[in-house]
Amino acid sequence: VAVMLVKAIVLFIIALIFKIKGTNKWLFTLSLAQAGEFGFVLLSFASQNYVLPSDIISVLSLVVAISMFLTPGLFILFDKAIIPRYKNAKSQRAEDEIDEKGTVVIAGIGRFGQIINRLLVANDVNTVVLDIRSEQIDLIRRIGTKAYFGDASKPDILHTAGAHEASLLVIAIDDKETAAEMVKYAKHAFPNIKVLARAFDRGHGYRLRQLGADFVVSETYHSALEMGAEALRSLNIHPFQVERQKMAYKNIEAQQNDVLYHAWADEASGERVDNNYLKLFIELESLIENALKADLHDKHSKMRGWTPPPKGYAEKLAPDENPD
């Protein structure tokens, strides 16, 4: 135990030297302090080659065994005592005083909220950005984005941020239940505000819509569609055909979305996924597949926006290399 303690102290000092901060510092120390099964192999090798006396090898074997035995307890300690301590320390940070109003209030400035905020700011739209994660706020400020530390799910914070005067409320937080409660409150307290919400999955999206969200998008929908399109392009399928396939997918999804939503809303029990909903979802999958296959063979598609250009199109756009 003493050997393990000394090793832990050394590792803790190393963590300080290399500036490993917060809970990562403790996780680094606790995960490397114990010995591993390979220690027995090394001790056996040392014994067979008379590198160490047998009495020392016995003690070291006991140290390895005890350290491995204590490891689960150390991680329980880390989970139950150390992590809550850091969380409590973060929660003690005073919320920022919001000294401005904006056309748009953005709740959550993670990877999702950042993109929305950049687009709005680039178009000279004033935004008020809120996030409950202090480390995220500090990071965002370092890259030049103005943001406030505060819990956007609290009514007083939303009022202070000017939600009662704003045109839009964008909910891009990482908590499904809190997001739902925010939509419900915002549509009740600010009837004139338009609420745009990020959903984690289809069911969560339906719930947000039911609570009054004006626009809901799944965080994975568009990225998955773009990845699928890139997969097609990587297989040398013509880019125009890829875009037509994307449009066909979006059209069928949009057409069937209301049907699926009402089937979900009509089932009031459990996860709202009954046999009728599953049947409709299977039909949606079939419709999408058939629409994509039909588009492959449709030379007169109504989607004119992505009809391949005529021959010589690229040459006409290219600059004349010999104007004389």
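Which pairs do you get when a residue that is assigned by TED's automatic domain parsing to the domain that holds Tyr185 and in contact (Cβ under 8 Å) with a residue 24 or more places away in the chain, found in region 143-161, comes within reach of a residue that is of a type in the set (S, T, N, Q) and surrounded by fewer than 20 Cβ atoms within 10 Å (Cβ to Cβ), reach meaning Cβ atoms under 7 angstrom, with the pair 6+ apart or on two chains?
Partner pairs satisfying both residue conditions: Phe149/Ser134; Ser153/Thr178.
Out of region 128-154, which residues are farther than 12 Å from Ile98 by Cβ and part of a strand (DSSP E or B)?
Asp131
If you scan region 226-248, which residues turn out to be touching a helix residue (DSSP H, G or I) at 6+ places or on another chain (Cβ under 6 Å) and under 27 Å from Arg111 (Cα atoms)?
Once the filter is applied, which keeps residues that are touching a helix residue (DSSP H, G or I) at 6+ places or on another chain (Cβ under 6 Å) and under 27 Å from Arg111 (Cα atoms), region 226-248 yields Ala229, Leu232, Arg233, Val242, Glu243, Lys246.
Scan region 106-120 for residues that are β-branched (Val, Ile, Thr) and at pLDDT 90 or above and jot them down.
Of everything in region 106-120, those that are β-branched (Val, Ile, Thr) and at pLDDT 90 or above turn out to be Ile106, Ile109, Ile116.
Any idea which of Ala189, Ala179 is in contact with a Gly (Cβ under 9 Å, 6 or more places away or on another chain), among the hydrophobic types (A, V, I, L, M, F, W, C), modelled with pLDDT of 90 or more and not assigned by TED's automatic domain parsing to the domain that holds Ala248?
Every option except Ala179 fails the conditions.
Do we find a residue being among the acidic types (Asp, Glu), surrounded by fewer than 16 Cβ atoms within 10 Å (Cβ to Cβ) and closer than 30 Å to Leu130 by Cα anywhere in region 258-277?
The answer is no; no qualifying residue exists.
Take the residues in region 209-250 that are in a helix (DSSP H, G or I) and of a type in the set (Gly, Ala, Ser); name whichever of them is farthest from Ile116 (Cα to Cα).
Looking at the filtered set, the residue picked out is Ser234.
Confirm whether Asp99 is over 22 Å from Phe215 (Cα atoms), outside any helix (DSSP H, G or I) and either in contact (Cβ under 8 Å) with a residue 12 or more places away in the chain or not assigned by TED's automatic domain parsing to the domain that holds Arg198 (or both).
Spelling it out, Asp99 is indeed over 22 Å from Phe215 (Cα atoms), outside any helix (DSSP H, G or I) and either in contact (Cβ under 8 Å) with a residue 12 or more places away in the chain or not assigned by TED's automatic domain parsing to the domain that holds Arg198 (or both).
Condition first: among the polar types (S, T, N, Q), under 24 Å from Lys176 (Cα atoms) and surrounded by fewer than 21 Cβ atoms within 10 Å (Cβ to Cβ). Now tell me which residues in region 96-147 satisfy that.
Gln114, Ser134, Gln136, listed by residue number.
The values are calculated or read from the model by the stated rules, or taken from the named source; none is laboratory data. Note that the coordinates shown come from a computational prediction; the quantities given were computed from them, not determined experimentally. No Cβ is skipped: glycine too gets one built from the backbone with ideal geometry, and neighbour counts run over all protein chains shown.
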